[in-house]
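The values are calculated or read from the model by the stated rules, or taken from the named source; none is laboratory data. These figures come from a predicted structure and were not determined experimentally. Using ideal geometry, Cβ is built from the backbone for each residue, glycine included, and neighbour counts are taken over all protein chains shown. Note: accessible area is taken over every heavy atom of the protein model, side chains too, but ligands, DNA and RNA are not part of it. Shrake-Rupley method; radii C 1.70, N 1.55, O 1.52, S 1.80 Å.
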Amino acid sequence: MLMDSGWVRRMTTRIVGTGSYVPEQIVTNDDLAKIVETNDEWIRSRTGIGARRIATNEGTSYMAAEASVNALENAGVKPDEIDLILLATSSPDYCFPNGACEVQDRIGAINAACFDISAACTGFVYALNTAHAFISSGIYKAALVIGADVLSKLIDWTDRGTCVLFGDGAGAVVVKADETGILGMNMHSDGTKGGVLTCGSRTNGNFLLGKKPELGYMTMDGQEVFKFAVKKVPQCITEVLEDTGVKAEDVRYFAIHQANYRIIESIAKRLKVNVDRFPVNMEHYGNTSGASVPILLDELNRKGMLSAGDKVVLSGFGAGLTWGAALLEW
């Protein structure tokens, strides 16, 4: 925008619409107690999770497209107005084509450039910050940012340490260039700690070895992930607040990755912020990985809990190890 003084005001990235999709199938803690040695009290007291949605026929790209359609309708934006589609997922339907291209085909966003981002549970924050970089530089004007995962297909359902935690789902936002929106952001990684949360090939396979490749299950060192999250998330949130000159008391909501209620309590305590300002929905959905933050944001939006001018912090953490935050004005 050209100002009267002749200076060009730098545009930022504003969320103009939200959407989400979760599978119809609900699996409660009592349901899981029938297949592994656990019970509702054990799961709730340690995680805050009471149920999760599990995909039956829905794939990652299908759910991502459904969430995207809902976000576009909420924003009042047509698919052909989208310049860029970023899909954050660690459980795509295919290695290629990428899931973002599948979403493009499903929704008819014929003018968009498309690619996936793999940063596990931090993926949506990484994708949003990436879209912000494209938009604030003037390369694109409108983007669709999605977080979607079907981790149920990567879970060892005999391992109660992981199978009780995760659920499937998708969330999406439409973002546009505007004079208000994202105020600051950061992204961090520590590859030396990658081994504490992994999912990959269990065996190498090719014709020379005489073996077929096999996909492995997720493995996690829960205590290490907990210690990492309660240390690094407050640090990156403090960083983005200090960089923008915004005080914690001026933030309406802290929308944090929905992994574990104890983690959120610890983050709130370290930031000296009342936990009531950390909305949660993990009781109903579990940990939906890259989808958790946009699903939560969509709930806040559709319940009328967000008003123009509200400041909101988004933060994710996950495998890589990766973590990051974004501060935005609604």
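For the reader, a short list of remarks on this structure follows.
- Antiparallel beta bridges, as assigned by DSSP with both residues in segment 184-329, represent about 80 percent of the total such bridges.
- Projecting the Cα atoms of 108, 296, 67 onto the charge dipole of the chain (Cβ charges, centred on the Cα centre) puts 296 farthest toward the positive pole.
- With all pairs of separate Cα atoms included, segment 12-179 yields a Kirkwood hydrodynamic radius of 16.5 Å.
- Of the residues 235, 258, 104, the one that moves most in a GNM of the chain with alpha-carbon contacts below 10 Å is 235.
- Multiplying the residue separation of residue 156 and residue 277 by 0.36 nm and removing their Cα-Cα distance gives an extension gain of 40.1 nm.
- Ranked packing of 12-22, 90-100, most packed first, by mean Cβ within 10 Å: 12-22, 90-100
- Projecting the Cα atoms of 48, 133, 164 onto the charge dipole of segment 12-179 (Cβ charges, centred on the Cα centre) puts 133 farthest toward the positive pole.
- Cα gyration tensor shape of segment 103-149, rounded if a/c is under 1.5, else prolate or oblate by comparing a/b with b/c: oblate
- Centroid-to-centroid separation of segment 29-76 and segment 208-247 [C-alpha atoms, Å]: 20
- Point-charge dipole on Cβ atoms (K/R +1, D/E -1) for segment 184-329, about Cα centre, debye to 20: 400
- Restricting the GluC sites (Glu not before Pro) of segment 13-77 to loop positions (DSSP other than H, G, I, E, B) with no more than 15 neighbouring Cβ atoms within 10 Å leaves 24, 37.
- Charge dipole (segment 184-329, unit charges on Cβ, about Cα centre) - positive-most of 271, 324, 225: 225
- Put a plus charge on the Cβ of each Lys and Arg, a minus charge on the Cβ of each Asp and Glu, and nothing anywhere else: the dipole of the chain about its Cα centre is then about 640 debye.
- Of [x] 59, 40, 37; [y] 72, 44, 34; [z] 67, 49, 38, the label for Cα extents along the principal axes in Å derived from the coordinates: [z]
- Counting DSSP beta bridges with both ends in segment 12-179, the antiparallel % (nearest 5): 65
- Cα centre as origin, Lys/Arg/Asp/Glu Cβ charges: segment 12-179 dipole, Debye: 280
- Per DSSP, loop trypsin sites (Lys or Arg not before Pro) in segment 244-330 with at most 12 further Cβ within 10 Å: 247, 272, 303
- Residues 188, 284, sorted by accessible area with the largest first, give 284, 188 [1.4 Å probe; ligands and nucleic acids excluded].
- For residue 21, neighbours were defined as the other residues whose beta-carbon sits under 11 Å from its Cβ, and their charges (Lys and Arg +1, Asp and Glu -1) total -4.
- Near the amide H of residue 88, within less than 5 Å, lie the amide hydrogens of 117, 146, 147, 148, all on another chain or at least 5 residues away, with H placed in the peptide plane.
- Extension gain for residue 204-residue 31 works out to 58.8 nm (0.36 nm per residue, less the C-alpha to C-alpha distance).
- Other residues within the sphere of radius under 12 Å centred on the Cβ of residue 79, judged by their own Cβ, net out at -3 (K and R +1, D and E -1).
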